[in-house]
Amino acid sequence: MSAKEKLAHTMEFPPDTEQPNVYPLSWPSKTRKMEEIWSAAQRETWDPEALPWDTFDPESYSWEEREAIAYWWTLLSVFDGSAPPVFAAAMIKTYEDHEEDPVRSCFFSVTRDEHNHEQVCRLAITKLLGSPGPLDHEPRSELGRKAQRNARWLYYNGGRYWNGYKTAVPKYSLAVLFSSFLMGEIAAATIFQQMAANSTEPVFTEAFRNIGRDEGRHMAICMSLMERDYPHLSEADKEVITKQIRAGYMFLSAVLFEPPEDFWDLPEDFISVQRECEEVARMAGFGVPTYEAKKENWRNAMLNLKGVLDKYDTPFPAIPEVGITGKEITDIEMEDIIPVF
Ligand SMILES: [Fe+2]
Ligand SMILES: [Fe+2]
């Protein structure tokens, strides 16, 4: 039968619609917790443009300080810049899978939130550097020049995972995808709260407080989906999850801790330049946590996640970098990773 052939005059009701079809035409709701999170997302919505940007005067900082703080926002952008399309793809999957309505809504809210976070990066970088692109900016200080080289390498590395992600989304169940998302959300919720507490500029404090609250909701979304789906995980799924947790650790360490050498392709002085930028930013009143505080935060996030996985008999990978023992996972490539922030 040709696709164009008209059927309506030959039968009373149309044939069944081929599945998966992207529009479910029903709004079932089973997971009460997800409805609550979606309502909270609606209540807590905010506008990055409406933050008190007029109280922030970049000219009161030296160029070195401006470029060091902009470097941190650029580092965040390497992750948050891809978050809107990454979650938009996951949201489409919730529609194709005919997920319950609050799950679809929650993924919509994450997409919107991540777009807000990305917009904060845009506004902060534009204010600090006077131009909307950190890679096109003409550095004004020696540290700014080194920071830009770091940023170029980060951008190059981050650019390698989108194709892998696009093939992973249709291949894996939402349950597998959530476990990768969750680790980013757990750690992000804490780090942004720390940054809110330690930043002196009101605009950054408020931005970090809002972002931290959003990340807390994202974490709750992943948690409730895990509670719903993890009791029915297959052994094959468990294996993928263990590997993805290790991959997520390697990937997200770059922003939440420090990038592991064997996974990130970076110049030798990368870490020392990043530490120098963070020190200058911290001294200028921008609340990047210290090496020790980041390590502690990251380790706690891993232990939290381990607690969740243990509950569902899913092996946790060894993370010797922060002193966590578990299943040895090797040969992870940038192309293998799902996690986002
Ligand atoms: Fe985010
Ligand atoms: Fe998030």
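I need the peptides 104-116, 63-75 ranked by packing, meaning the mean over residues of other C-beta atoms within 10 angstrom, with the highest value on top.
Per-residue mean Cβ counts within 10 Å order the peptides as 63-75, 104-116.
Where the convex hull is taken over the Cα atoms of region 73-211, what is its projected area averaged over directions, in nm²?
9.2
Work out, step by step, the length gained on full extension between D16 and E36: first 0.36 nm times the residue separation, then minus their alpha carbon distance; give nm to one decimal.
Extending this stretch completely gives an extra 3.8 nm.
Considering every pair of different Cα atoms, what Kirkwood radius, in Å, is found for the chain?
21.2
Any idea what the relative contact order of the chain is, in percent, if you count C-alpha pairs under 8 Å spaced at least 6 apart?
23
What ranking do R140, R282 get, fewest neighbouring Cβ atoms within 10 angstrom at the top?
R140, R282
Report relative contact order for region 99-254 in percent, whole number only (criteria: Cα-Cα under 8 Å, sequence separation at least 6).
22
If the elastic network links every pair of Cα atoms under 10 Å, which of S26, S131, S141 fluctuates the most in the Gaussian network model of the chain?
S26
Principal axis lengths of region 193-325 from Cα atoms, whole Å, largest first?
50, 35, 21
Please identify the GluC sites (Glu not before Pro) of region 23-54 that satisfy two criteria: DSSP loop assignment and at most 14 other Cβ atoms within 10 Å. Which are they?
Filter output for region 23-54: E44.
Only helical DSSP H runs with n ≥ 4 go in: add -39500 (n - 2.57) per run for the chain, normalise by residue count and round the 222 nm mean residue ellipticity to 500 deg cm²/dmol.
Rounded to the nearest 500, the figure is -21000 deg cm²/dmol.
Return the long-range amide H neighbours of I324 (sequence gap of 5 or more, or a different chain), with a cut-off of under 5 Å between placed amide H atoms.
So I324 has HN proximity to I319.
In Å, what Rg and Dmax follow from the Cα atoms of region 21-92?
19.2, 57
Select from A90, A196, A168 the residue whose mean-square fluctuation is largest in a Gaussian network model of the chain (Cα-Cα springs shorter than 10 Å).
Comparing A90, A196, A168 in the GNM, the peak value goes to A168.
Which of the DSSP-defined H helices in the chain satisfy a minimum axial length of 18 Å, computed from C-alpha atoms, and a minimum mean Kyte-Doolittle hydropathy of -1.0?
Helices meeting the criterion: 63-80, 83-96, 101-129, 174-198, 202-229, 235-256, 270-283.
Each value in this text was obtained by applying a stated rule to the coordinates, not by laboratory testing. Remember, it's a predicted structure, so these values are computed and weren't measured experimentally. As a convention, Cβ positions derive from the backbone with ideal geometry for all residues, glycine included, and neighbour counts pool all protein chains shown.
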